[in-house]
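What follows is a short report on a single structure.
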Amino acid sequence: ATEAKVLKKLQNDGIQKEDLSREDFIKHAWEWTEKHGGIILQQLKRLGASCDWERVKFTMDQDMYDAVIQAFVEMYNKGFIYRGQKMINWDPKAKTAISDEEVVYKEQDSNLYYVTYKLLDSNQSITIATTRPETILGDTAICVHPNDTRYKKLIGCQAIVPLVNRSIPIITDDYIDPEFGTGALKVTPAHDINDYSIGQKHNLEVISVIDKNGCVSVAGQLYVGEDRFIVRKKIIKDIDLLGQLIKVESIVNKVGFSERTDVVIEPRLSTQWFMKMDKLCDPALKNVLNNNIKFYPKKTLNTYKYWMENIRDWCVSRQLWWGHRIPAFYYNESEYVVAVDKEEALMLAKEKSGNSNLSMSDLRQDEDVLDTWFSSWLWPLTVFDGVRSPDNSDFNYYYPTNDLVTGPDILFFWVARMIMAGYYFKGQLPFHNVYFTGIVRDKDRRKMSKSLGNSPDPIQLIDFYGADGVRVAMLFASPAGNDLLFDEKLCVQGRNFSNKIWNAYRLIDSW
């Protein structure tokens with residue numbers, strides 16, 4: 001989120017990221033962070049938060065940074081972190097992988113395109129339905145349900161992908177819903193998470209036809225370099241000219257957008273750094289279900305249980321400059337070592353390669369940074385230096401703490417991961433109770449957003465209504481565990497209520 005804000009400020013100043021070195025960009029990021037981080041602290045102080053202000057911590061502080069890197073190296077050496085190619089959410093504008101939490105699903109008026117695929121050496125055909133015809137270029141199979149009698153005789157036949165004339169098999173899988181569309185699914189393993197799973201299961205070819213810019217790649221053969229949405233219109237027109245477009249049906253479906261750039265995300269196969277989650281989540285699930293860690297309200301337990309029982313490996317890398325840089329050092333195109341610093345990396349690289357002549361100049365650090373949650377999940381530990389120095393007196397006194405208060409939208413992305421980190425690094429829970437607030441929304445139930453302009457500045461509200469008036473307004477809007485519908489009119493009520501309390505005190509005090 002910080003990098004997105006810094007980029008926007010630079011663009012307003014007529015500066016493009018591509019024109020800056022990494023070091024120059026980091027300087028701009030620190031300037032933005034110091035300014036806006038200070039504003040947030042002032043808001044908390046004005047609201048009366050009774051924090052120990054001498055212990056302010058930030059995840060990019062040097063000691064915190066070092067702890068994050070140490071944790072990464074330790075988990076890599078123990079086999080929890082690995083580098084591999086998997087399906088991820090890709091933001092074509094920011095040109096980075098993003099987390100599920102950063103994908104916002106919006107209902108869109110869309111089209112369902114019915115396209116006929118001719119069968120090889122036959123006058124028969126099979127019709128599929130798709131909302132993304134641009135991915136036809138990457139099709140490697142058509143899949144039907146094994147019990148769908150309509151297609152029994154076609155199973156095992158070869159179909160011809162329109163325009164590119166690729167021969168692909170007709171296969172079966174229980175995943176297919178016979179009631180959706182035509183009951184025949186085009187399979188594009190490189191651009192859909194479910195298609196990728198089918199592809200892995202049936203050993204299908206994977207053809208990536210949408211590049212990191214959201215344009216058709218060379219592998220697509222046609223429309224190379226053109227934007228995916230322009231190609232969507234062109235490919236349908238060309239398929240229609242072939243006589244293979246049966247019909248177009250208007251539908252409403254949910255489309256994923258990047259929360260940071262508001263562009264449609266592209267499911268994409270990408271080489272990233274991942275963390276294995278199955279063993280990490282076992283104690284975190286067990287100790288919530290047995291009430292060692294208590295959730296309030298209890299309705300959040302079902303969501304937590306579902307997520308943890310269906311957990312996937314965590315993509316921890318991001319193609320950004322602002323963040324904790326991944327401590328992997330390459331000594332040729334593909335060989336690398338993971339180390340806490342370059343000196344240790346050089347020693348390991350010499351051992352691994354058998355080349356004692358390697359020098360610092362032969363090492364190239366990975367350009368990616370870690371997902372922001374990778375530092376956040378360590379927070380209960382690192383805030384008192386519990387990763388680097390687990391036996392220090394502050395850490396032993398304050399860990400575990402009692403209560404965590406947070407929003408339900410980050411139940412999995414932060415709360416669950418902090419619990420995992422607690423059991424992995426310390427062997428015990430990080431906190432005893434988790435209290436989930438509601439999400440603050442405006443009176444029209446829209447989530448607070450700077451882009452919508454519906455997010456009030458607490459300092460301005462306090463200047464006008466007083467801190468007590470704003471606090472009382474939040475109390476008026478806060479049913480336990482449910483969303484908070486904030487309306488500035490509540491501040492008026494809060495101010496009036498506070499005045500009555502104050503005047504009542506003055507009356508009593510005067511006696």
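The values are calculated or read from the model by the stated rules, or taken from the named source; none is laboratory data. Everything quoted here is computed from the prediction, not taken from an experiment. Cβ sites come from the backbone with ideal geometry, for glycine too, and all protein chains shown count toward neighbours. All accessible areas refer to the heavy atoms of the entire protein, side chains included, with ligands and DNA or RNA removed. Shrake-Rupley method; radii C 1.70, N 1.55, O 1.52, S 1.80 Å.
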The chain: angle of helix 62-77 to the longest principal axis, Cα-based, in degrees nearest 10:
40 degrees
If we sort 295-305, 212-222, 393-403 on the protection proxy, mean other Cβ atoms within 10 Å, highest first, what's the order?
212-222, 295-305, 393-403
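Taking a ≥ b ≥ c as the square roots of the eigenvalues of the Cα gyration tensor of segment 344-408, is the shape rounded (a/c under 1.5), prolate (a/b larger than b/c) or oblate? Show your work: numbers first, answer last.
Details: a/c = 5.14, a/b = 2.17, b/c = 2.37.
Oblate is the answer for segment 344-408, as a/c is 1.5 or above yet b/c matches or exceeds a/b.
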Going by alpha carbons, how many degrees (0 to 90, nearest 10) lie between the helix axis of 278-289 and the longest principal axis of the chain?
50 degrees
Quick one: pull the percent of accessible area on segment 208-367 belonging to carbon and sulfur, 1.4 Å probe, ligands and nucleic acids left out.
51 percent
If the chain between Leu41 and Arg364 were fully extended at 0.36 nm per residue, the gain over the current Cα-Cα distance would be 112.5 nm
How much accessible surface does Val316 have with a 1.4 Å probe, in Å² rounded to 10?
0 Å²
Zone reached by a paramagnetic label modelled 7 Å from Ser250 Cα along Cα→Cβ, restricted to segment 106-145 with backbone N below 11 Å, covers 109-111
Probe 1.4 Å - accessible area at Trp32, Å² to nearest ten:
60 Å²
Accessible area in the full protein assembly, largest first, 1.4 Å probe, for Leu269, Leu485:
Leu485, Leu269
Between Lys489 and Gln85, the FRET efficiency computed from the C-beta separation at R0 = 51 Å comes out, to the nearest 0.05, as 0.45
Taking Cα atoms, the helix 22-47 axis meets the longest principal axis of the chain at an angle in degrees (rounded to 10) of 50 degrees
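What 222 nm value per residue comes from the helices of the chain, counting each DSSP H run with n ≥ 4 as -39,500 (n - 2.57) and dividing by all residues, nearest 500 deg cm²/dmol?
Values: 15 runs with 171 residues, N = 511.
Helices in the chain give a 222 nm mean residue ellipticity of -10000 deg cm²/dmol.
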Taking R0 as 25 Å and r as the Cβ-Cβ distance between Glu74 and Thr401, the FRET efficiency 1/(1 + (r/R0)^6), rounded to the nearest 0.05, comes to 0.60
Using alpha-carbon positions, what is the distance between the centroids of segment 428-499 and segment 77-128, in Å?
38 Å
Separation in nanometres of the label points that stand 7 Å from Cα toward Cβ, at Ile410 and Phe464
2.7 nm
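On a 30 Å Cα-Cα criterion, which of the cross-link pairs Lys35/Lys305; Lys276/Lys352; Lys153/Lys254; Lys5/Lys254 come out too long? Before the final figure, lay out each step's value.
Values: Lys35/Lys305 39 Å; Lys276/Lys352 24 Å; Lys153/Lys254 34 Å; Lys5/Lys254 26 Å.
Going by Cα-Cα distance, Lys35/Lys305; Lys153/Lys254 fall outside the 30 Å limit.
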Where Arg417, Arg325 fall by accessible area, highest first, once all protein chains stay in place (1.4 Å):
Arg325, Arg417
Setting aside same-chain residues fewer than 8 positions from Lys237, which lysines have a Cα under 21 Å from its Cα?
Lys118, Lys186, Lys247
Identify all lysines with a Cα-Cα distance to Lys426 below 18 Å; exclude those on the same chain that are fewer than 8 residues away in sequence.
Lys78, Lys279, Lys286
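Taking the Cβ-Cβ separation of Asn503 and Asp391 as r and a Förster radius of 35 Å, what is the calculated FRET efficiency to the nearest 0.05? Walk me through the intermediate numbers first.
On the way: r = 54 Å, r/R0 = 1.55.
E(calc), rounded to 0.05, equals 0.05.
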